[in-house]
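Structure first, then comments.
The values are calculated or read from the model by the stated rules, or taken from the named source; none is laboratory data. Just so you know, these numbers come straight off a predicted model, no measurement behind them. Cβ sites come from the backbone with ideal geometry, for glycine too, and all protein chains shown count toward neighbours.
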Amino acid sequence: MPQRKPALLGAVAAFALAALAFTAVALQAGSNSGAGPVSPRAAAVAWRGLVDEPRVPVAVGERMLVVLDLPSLADRVAASGGRAGDRQERRWTASALSLQRLFLSRLTVQGAQIKPEFRYGRVLNGFSAQLDPRSLALLERAPEVEGIYPVRAAYPASVEEDRAARAAFSAGIGARPEGGLPGFDGRGVAIALLDTGVDRLHPYLRGRLLEGIDVVGGSELAAAASRPEDPTQVERHGTQLAGIMVGAGGPPGLAGIATGASVIPIRIAGWQRDAQGGWAVYSRTDQIIAGLERAVDPNDDGDAHDAARIALVGVAEPYAAFAQGALAQAAGGALRLDTLVVGPAGNDGPAGPGFGSVSGPGGAPAALTVAAGDLRPSFQIARVVLRAGLRVVLDRTLPLAGAVGPERPLDLPIATPRLSGERVLPAPGTPSVSAADFFDARGYSRVAASGGRAGDRQERRWTASALSLQR
């Protein structure tokens, strides 16, 4: 009887680096505009990090993710020390889904009307469904419920496409992405690509695509779909990301990072109705978790020994770096089944245009988060002056992190000096102050972050705060 073996750490590390390299390639392309110099502020505002311009509003209705305090396959495997046979895992998966059905049946007797859209039993035990107020109230009181989370939209993550298409990697220029690992081409490793559909006829991907899974549309191949109202508009993001990973046979010198690996396309994003009734390419968190369920069990037989070693998520859930959310729990369950979830961060919209923000599933402790880098040649700076009475505590010019606008005070989260543990001596006659009055536990400036808007209590302790912006 086959037993669960430790994860292939070498393969995991290699493809983690491959995912990082994909981000480096995108950002290199984004930093070479060929359109003349751009001011730092304009560059920051332009760095939106989305495909096909601004996000469209998405209506998810009353969909909720319900996580149950019932054992999943991942929980059972972890409790057994990480070793389990194939028959045992199939029994555990069936048991998880059976307990879930029993719970839903009991709620139905109590008057709940719950029709699950997706049911999960491998990475976590739970389901997603449209919930009316009565059903939601019953779930909130049920002891078997661990948490109820709203379903959120997620969008393909990338730098602006027009920037990536400019001169940096044009034919004849000679610039090529550098991200491969010498002596390792990924042969024998399967990557689950959770993204839009993939063009299976693309010549650069021949022989590298395994049987796909379509969570969004239910098709057999998980191929790139056309927009229902316009067949000329075809999903591209999944094909592009697959090419960066395993593509081969491109223009001279241009190939994927691991040309020997295989890709399992899992279509968790695609053309779906938006809030205005039109069509847009996006995903939802319940669809991402459904994709992770199939990444750890591609043939859907309840046995996770055939799990992909890497689950590369090509979409970003904006402003949702929740370490305890349903998506984070699913990433942890996948890791217990020997699947490493790799997710994007940065290039996540206007929350912090200069440096991006962390998006889901990037906030999951069990996920490998691929961070974007800011390759702009210059940035804004600020002169920061801190005083305690008549004594100047700090007078320094520092890089300006984050965006500053009429409704947002100045924030210097990564630019402030680290003074933890040092005592700041006040001038005679001033209230007793210390470094803790100016800097929090992480070393971030309390005064600078307030932008001179301190409350009465703060004003009594902070004698003065002066900020002067300088270009």
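Condition (residue is over 22 Å from the mean Cα position of the chain (by Cα), outside any strand (DSSP E or B) and in the same structural domain as A311 (by TED's automatic domain parsing)) applied to the range 228-243: is it met by at least one residue? Scanning the range 228-243 turns up at least one residue that is over 22 Å from the mean Cα position of the chain (by Cα), outside any strand (DSSP E or B) and in the same structural domain as A311 (by TED's automatic domain parsing). Going through (1) part of a loop (DSSP other than H, G, I, E, B); (2) at pLDDT 90 or above; (3) under 22 Å from the mean Cα position of the chain (by Cα) one by one, R200 falls short only on (3). Screening A74 on (1) assigned to a helix (DSSP H, G or I); (2) in contact with a helix residue (DSSP H, G or I) (Cβ under 6 Å, 6 or more places away or on another chain); (3) more than 30 Å from A371 (Cβ to Cβ) shows it passes everything except condition (3). Could you tell me whether any residue of the range 265-287 is in a strand (DSSP E or B), closer than 18 Å to S219 by Cα and in contact with a Leu (Cβ under 7 Å, 6 or more places away or on another chain)? Yes: the range 265-287 contains one or more residues that are in a strand (DSSP E or B), closer than 18 Å to S219 by Cα and in contact with a Leu (Cβ under 7 Å, 6 or more places away or on another chain). Just to be sure, is A372 under 26 Å from T285 (Cβ atoms), crowded, with 19+ Cβ neighbours inside 10 Å and at pLDDT 80 or above? So A372 does not fit the description; no. Residues that are β-branched (V, I, T) and under 27 Å from D230 (Cα atoms) within the range 265-304 comprise I266, I268, V281, T285, I288, listed in sequence order.
For the range 271-324, give me each residue that is surrounded by fewer than 22 Cβ atoms within 10 Å (Cβ to Cβ), more than 27 Å from P57 (Cβ to Cβ) and of a type in the set (D, E). Scanning the range 271-324 gives D300, D301, D306.
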